[in-house]
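Just so you know, all these numbers are worked out from the coordinates, no wet-lab data involved. Note that the structure is predicted; figures quoted are calculated from it, not measured. Virtual Cβ from ideal backbone geometry, glycine too; neighbours counted across all protein chains shown.
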Amino acid sequence: MLDFATIAAGAVDGAAAGVHAAMVDYGYRTLVGALMLLIGLGTFARIMYVRTRLLLAGKPEKRWDLVAERVKRLLQIGIGQRKMFKEPASGLMHAFTFWGFSVLSIRTTLLFVNAFAPDFFLPGFLHPVYDFSKDITELIVLTMVLGFYYRRLVVKPARIHYSGEALLILGFIGGLMITDFLYDGLHFGGMAKAATLAGNPDLAASILAKIAHAPVGSALASYFHTSSFDAATMQWIGEANYWTHLTIILVFLNLLPISKHFHVITALPNVFLSRLEPKGALTLIDNIEDRIIAEESLGLGRVEDLSWKQTLDLYTCTECGRCTVNCPAWNTDKPLNPALIIKDLQSHLYDEKDRILSGGEAPAAQEGAVPPLIAGVNPDAIWSCTTCRSCSEQCPVMIEHVDKIVDMRRHMMLNLNEFPAELKVTLKNLENKSNPWGISSAKRGAWAKKREDVPDLKSNPNAEWLYFVGCAGAYDDRAKQVTEAVVKVLNAAGVDFAIIGKKEKCSGDPARRMGHEYLFQEQAAANIEQMNNAGVKKVIASCPHCFNTIKNEYPQLGGEYEVVHHSQLIWRLVREGKLDLKQATKMRITFHDSCYLGRYNDEYDAPRETLKAVPGVELVEMERSKQLGMCCGAGGARMYMEEKIGTRVNQLRVEQAMETEPEVVAVSCPFCLTMVKDGLKEKEIEGVQTLDIAEVVANALVEKAPEVAEAPPADEAPAAEPAAPVPAAPRDDV
């Protein structure tokens, strides 16, 4: 770094000595810089030591596997900010601010280094390349900061949590950009002016050349060089900007871990350490029967029940509100606010930090009291969740909201025996009859008894596919029509399949989502035993909840199968030309995405492509579709609970569907079928059908005419009478 000693040494007249005497002596920087780093980094280290100890006090959780996949996710979501662009305008502003801040961090590091090594620059070609990119980036960041101020002070989007802290942080970011520009301009401009005053224009030109590749810094240096400002004054003001820049970054650094902007530090680690297991798989509670007998705390009931990764989630919430504005419960005036759930848990964690770090025992809960961890969380909020996963889908830093809510349900269900009253009936029915309605298990296969085209595993033990019908498909009158449509399509395509029949049990999804992990494992284990004993390798499921559970959660208990939803298999059959579709009536259809098929299993195309393959179908999309699609309101066992607070979720979803002016609302889930159908009725909307895509396809199938044998020639003897058919043996297993 050129300093004023260099300028004086190159002076050609006696005036240089006077100029140099008025200049800054950089010798003091080493002492001040060391003190600032010692105080700033020391304070930061102390705060982070406490935060890290609190993190490590959480339960163990494996998140260090599959490093290559984690790096890929970090690059896409963390560095690439992919999820931010779900809202393009604000996403662009945030992404450029993040990228710009990252670029500036190199410059800030160099300024700290210059306190100890004034002549240090980036070596070789890196110096001019970095100077150029830094200045352009800083200009962009300044523009983004102004945009954020406008957004917060003028536009005021509903989802944003407003606070003075956010405005202060924006001021810090903008201040870092401005002080860097001014330091360059005043520092180099002042030195160049001093050289000019010393009678050495060549040296002045050489000084300005040092910053020639930084567009803003160079322009400011040239301006100050030719301005009327005193050279010494410019140097001191430039030096003030130097120290202001370093002070801002150290104050900013220490503010982060004690504010909502902690995510600046934790976001990238949180993305890297996010779940790589299937999104649709909740965590298994091992040895659950023994743990219930031992009266262990199950789920999430105390601070000590948090895993270290769940604690990292709590640290990382940005309070951006994206989870909240996309939550179907919050949008229908329920008390559930996903962001507030995270912040309430975080606040309670911080309240308990001294006790946790000292190894103290949690205070005994008074009889009948709400458990400490959820004391700040409204139980109605916990039970309002449909587990649609829209919150986690929208979260730019990969926080897992649903897992924590279900874990709180587990604790309330298994440890406290506290849950909505209507679920008592559902649980009793699941326990006794293995279906939510309490209908006799002997009637589970009644729909198939009179059909010749529905084999069971007993009559077709080597079937390629097991058709897992599910509770709704076996018992609900409307859903049974979908089951029969699926059967019609499978038979038309010559698919080799069989059903379990009356021994099929509930997949376990309702029990698991309401928090009764023990009942889930019991039902899942019974199904897995039957399927494994029968040698089942491939499974078709009509209910996305069954599909998700068998595909993603049965492997936790030893059930490994190839699992497809009927929409996926039907689209495969259409592509392969195994279905002849020519009878469709022209109709305008909008498709409602099932959360458990879409957000949980990333299947958005198969249902749509199938519908588009049906002649006469005009497919129109709702504004909220695919990843942004809104839940029907039935998931998370909400199907079996009363909706007493706010607007019914299904009614809001029907209103969204009606904006497309459809003749048919197509679905791919029995829960969605019921909720949309009821919503149309409740809103008194007539002339609009609710159909499963299997029904749309089945109705469009070309019926093959029965083959008629040609009459024998008149001179030939008639064929012998065929033997009487042997009656089929009754199928007791159906």
**OP:** Can you tell me the dipole magnitude for the range 42-108 around its Cα centre, using point charges on the Cβ only (Lys, Arg +1; Asp, Glu -1), in Debye to the nearest 20?
**Re:** 180
**OP:** Assign unit charges at the C-beta atoms only (+1 for Lys and Arg, -1 for Asp and Glu), then state the dipole size of the range 74-174 relative to its Cα centre in Debye, rounded to the nearest 20.
**Re:** 580
Original post:
In the structure displayed, which of K428/K626; K458/K480; K428/K488; K260/K353 lie more than 25 Å apart, Cα to Cα?
Top reply: K428/K626; K428/K488
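For the chain, what is the calculated [θ] at 222 nm in deg cm²/dmol (nearest 500), taking -39500 (n - 2.57) for each run of four or more DSSP H residues and dividing by its residue count? Don't jump to the answer; show the numbers that get you there.
On the way: 30 runs with 362 residues, N = 734.
Helix contribution divided over all residues of the chain: -15500 deg cm²/dmol.
For R572 and L167 in the same chain, what is the full-extension length gain: residue separation times 0.36 nm, less their Cα-Cα distance, in nm?
On the way: separation 405, 0.36 × 405 = 145.80 nm, distance 5.31 nm.
The R572-L167 span can extend by a further 140.5 nm.
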Original post:
Tell me, what are the semi-axes, in whole angstrom and largest first, of the equivalent ellipsoid of the range 423-575 as set by the roots of 5 times the Cα gyration tensor eigenvalues?
Top reply: 24, 17, 14
Original post:
Between W64 and R588, what is the spin-label point distance in nm, taking each point 7 Å from the Cα along the Cα→C-beta axis?
Top reply: 5.9
**OP:** Mind giving me the nanometre distance, one decimal, between the label points for L110 and L357, set 7 Å out from Cα along Cα→Cβ?
**Re:** 3.8
Subject >> Lys/Arg +1, Asp/Glu -1 at C-beta; the chain dipole; positive extreme among L569, S358, L427 >> reply: S358
Original post:
Can you list residues whose amide H is under 5 Å from E418's amide H, if they're 5+ apart or on another chain and H is modeled 1.01 Å from N?
Top reply: M413
Original post:
Under the Karplus relation 6.51 cos²θ - 1.76 cosθ + 1.60, θ = phi - 60°, what is the ordered set of whole-Hz ³J(HN,Hα) values for the range 316-331, x standing for Gly and Pro?
Top reply: 8, 4, 8, 6, 6, x, 4, 5, 5, 5, 9, 7, x, 5, 5, 6
Original post:
Over the range 587-700, what relative contact order in percent results from Cα pairs under 8 Å that are six or more residues apart?
Top reply: 33
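Taking the Kirkwood radius as the inverse of the mean 1/r across Cα pairs, report the Rg/Rh of the chain.
Looking at the chain, the ratio lands at 1.12.
Ranking request for peptides 418-431, 212-225, 626-639, 36-49: highest mean number of other beta-carbon atoms within 10 Å first, then the rest in descending order. Please list the in-between numbers first.
Details: 418-431: 16.6, 212-225: 20.4, 626-639: 24.6, 36-49: 13.6.
Averaged packing, sorted descending, gives the order 626-639, 212-225, 418-431, 36-49.
By average Cβ neighbour count within 10 Å, what is the ranking of 537-543, 589-595, 349-355 from highest down? Intermediate values should be presented prior to the final figure.
Working: 537-543: 22.3, 589-595: 26.7, 349-355: 15.6.
Per-residue mean Cβ counts within 10 Å order the peptides as 589-595, 537-543, 349-355.
Expected output is a single nm value to one decimal: the length gained when fully extending between H127 and E277, i.e. 0.36 nm times separation in residues minus the C-alpha distance. What is it?
Here the answer is 49.6 nm.
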Original post:
What FRET efficiency comes out for the pair E663/V425, r = Cβ-Cβ distance, R0 = 45 Å, nearest 0.05?
Top reply: 0.75
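What order, most packed first, do the peptides 309-315, 685-691 have when packing is the mean number of other Cβ atoms within 10 Å of each residue? Before the final figure, lay out the partial values.
Working: 309-315: 22.4, 685-691: 15.3.
Descending mean neighbour count gives 309-315, 685-691.
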Original post:
Which pairs in the list K450/K582; K551/K644; K450/K586 are over 30 Å apart, alpha-carbon to alpha-carbon?
Top reply: K551/K644; K450/K586
Original post:
Points 7 angstrom from Cα along the Cβ direction at I685 and I645: gap in nanometres?
Top reply: 2.6
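Based on the Kirkwood radius over alpha-carbon pairs, what is the Stokes-Einstein translational diffusion coefficient of the range 587-700 at 20 °C with 1.002 mPa s viscosity, in µm²/s? Kindly include the intermediate steps, with their values, before the conclusion.
Values: Rh = 14.1 Å.
Calculated translational D: 152 µm²/s.
Defining a contact as two alpha carbons under 8 Å apart and six or more residues distant in sequence, what relative contact order in percent does the chain show?
Relative contact order for the chain comes out at 12 percent.
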**OP:** May I ask you to list the aspartates and glutamates whose Cα is less than 12 Å away from that of K677, ignoring any residue fewer than eight positions away on the same chain?
**Re:** E686, D692
Original post:
Between D456 and residues 5 or more places away or on another chain, which pairs have amide H atoms under 5 Å apart, with H built 1.01 Å from N, and which residues are they?
Top reply: I499
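Using a Förster distance of 51 angstrom, determine the FRET efficiency expected from the C-beta separation of Y150 and N533, and round it to 0.05. Present the calculation step by step, with values, prior to reporting the outcome.
Working: r = 65 Å, r/R0 = 1.28.
Using R0 = 51 Å, I get an efficiency of 0.20.
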**OP:** Determine the dipole magnitude for the chain: charges of +1 sit on the beta-carbon of Lys and Arg, -1 on that of Asp and Glu, nothing else is charged, the reference point is the Cα centre, and the result goes in debye to the nearest 20.
**Re:** 720
Original post:
Ordered by residue, what ³J(HN,Hα) values in Hz, to whole numbers, does the range 172-184 give under the Karplus form 6.51 cos²θ - 1.76 cosθ + 1.60, where θ = phi - 60° and Gly and Pro are x?
Top reply: 4, 4, x, x, 4, 5, 5, 5, 5, 4, 5, 4, 4
**OP:** Please work out how much length the chain gains when fully extended from I47 to K449, using 0.36 nm per residue of separation minus the C-alpha to C-alpha distance, in nm with one decimal.
**Re:** 137.8 nm
